[in-house]
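A.B. asks: Once you've had a glance at the structure underneath, I'll fire off some questions.
The values are calculated or read from the model by the stated rules, or taken from the named source; none is laboratory data. Bear in mind that the values here come from a model prediction, so they are computed numbers and not experimental data. FYI the Cβ positions are ideal-geometry reconstructions off the backbone, even for glycines, and counts take in every protein chain you see. Accessible surface areas use protein heavy atoms only, side chains included; no ligands, DNA or RNA. Shrake-Rupley method; radii C 1.70, N 1.55, O 1.52, S 1.80 Å.
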Amino acid sequence: MLCCSHLCRPALAEQTDSGAPRSPLEVQLSQKHDSTPIWLQILDKAAWPLVAIAAIVGFRRPIYALLDAFGQRGTDFSIGSIAIRIPALETKVADQQGQINLQTDQIRNLIKFSMSWYIYNMLFEIRKAQKEGGEYVYRNDGSMDRNLRFLIEHGYVEEVYPWPNDGEGLSRKVKVTQSGEDLIAMRGR
């Protein structure tokens, strides 16, 4: 340390003598010149895109197989030791179709049996007489009147005018509607 302070004293003395401060150390900044060849600089910047392109080219078959597998449900796809199972939608669709079929059957049964047997029998016998050229005779006993009105009000037969008299045939007087035909086709005998 003594040695260093002895060397610095003359510089301090010079600074004070001339009046202008001078630095004992002179610092010069210079730019570092890159001596890397230009082709290596270009290769360094293009390395990642080249690796990506090489990976796509090298793995194009597995990539196409993966994309194809995603398009087909219920298939297995593997890359090396990694296996991927794509769930099948067919089972879900089949379950939903089963539920729809069950609900359809329930609705059909509700429609079929929403009408009592004796009222349905009147509708069935009128239609049977019309198809076979027979006759279904009206009896003004209260219940037949009520049943015919029910069939009219619910749209199974068209409005009857004039109202039938006791003993009159209904097969030529009553017209069964499409709803009545559908009910007969659905319910049968």
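A.B. asks: Testing K112 on (1) loosely packed, with under 15 Cβ neighbours inside 10 Å; (2) free of Cβ contacts under 8 Å to residues at least 40 places away in the same chain, one condition comes back false. Which one is that?
C.D. replies: Of (1) loosely packed, with under 15 Cβ neighbours inside 10 Å; (2) free of Cβ contacts under 8 Å to residues at least 40 places away in the same chain, only one is false for K112: (2).
A.B. asks: Next question. Keeping to region 153-174, report how many residues are part of a strand (DSSP E or B) and under 56 Å from the mean Cα position of the chain (by Cα).
C.D. replies: Looking only at region 153-174, we keep the residues that are part of a strand (DSSP E or B), and these are 157, 169.
Narrowing further to those that are under 56 Å from the mean Cα position of the chain (by Cα): 157.
Result for region 153-174: 1.
A.B. asks: While we're here: Please indicate, with yes or no, whether at least one residue in region 119-136 is open to solvent by 100 Å² or more (accessible area, probe 1.4 Å) and either closer than 26 Å to K175 by Cα or at pLDDT 80 or above (or both).
C.D. replies: Residues of region 119-136 that are open to solvent by 100 Å² or more (accessible area, probe 1.4 Å), as a first pass: 131-132.
Within this subset, residues satisfying the condition of being either closer than 26 Å to K175 by Cα or at pLDDT 80 or above (or both) are 131-132.
Yes: region 119-136 contains one or more residues that are open to solvent by 100 Å² or more (accessible area, probe 1.4 Å) and either closer than 26 Å to K175 by Cα or at pLDDT 80 or above (or both).
A.B. asks: Can I ask one more? If I filter region 156-178 for residues that are free of Cβ contacts under 8 Å to residues at least 12 places away in the same chain and under 17 Å from M115 (Cβ atoms), do I get at least one hit?
C.D. replies: yes
A.B. asks: Inside region 1-101, counting only helices (runs of 4 or more DSSP H) that do not spill past its ends, which hold 1 or more residues that are at pLDDT 80 or above? Step through it out loud before you land on a result.
C.D. replies: Details: elements: 2-18, 38-58, 60-71.
Passing ranges, in order: 38-58, 60-71.
A.B. asks: If you go through region 119-152 one residue at a time, how many are under 47 Å from the mean Cα position of the chain (by Cα), closer than 16 Å to G188 by Cβ and of a type outside the set (D, E, K, R)? Step through it out loud before you land on a result.
C.D. replies: Let us first name the residues in region 119-152 that are under 47 Å from the mean Cα position of the chain (by Cα), namely 119-121, 123-124, 127, 150-152.
Those still in the list that are closer than 16 Å to G188 by Cβ too: 119-121, 123-124, 127.
Subset that is of a type outside the set (D, E, K, R): 119-121, 123-124.
The qualifying residues number 5.
A.B. asks: Now a separate question. Report, ordered by the first and then the second residue, all pairs with beta carbons closer than 8 Å, sequence separation of six or more or different chains, a first member in region 41-61 that is open to solvent by 100 Å² or more (accessible area, probe 1.4 Å), and a second member that is part of a helix (DSSP H, G or I).
C.D. replies: Sorted first by the residue in region 41-61, then by its partner, the pairs are I56/I63.
A.B. asks: Which one is nearest to M122 (Cα to Cα), of the residues in region 137-152 that are in a loop (DSSP other than H, G, I, E, B) and open to solvent by 50 Å² or more (accessible area, probe 1.4 Å)? Write out each step before concluding.
C.D. replies: Going through region 137-152, the residues in a loop (DSSP other than H, G, I, E, B) turn out to be 138-142.
Those still in the list that are open to solvent by 50 Å² or more (accessible area, probe 1.4 Å) too: 139-141.
Details: R139: 12, N140: 14, D141: 14 Å.
In this case the residue turns out to be R139.
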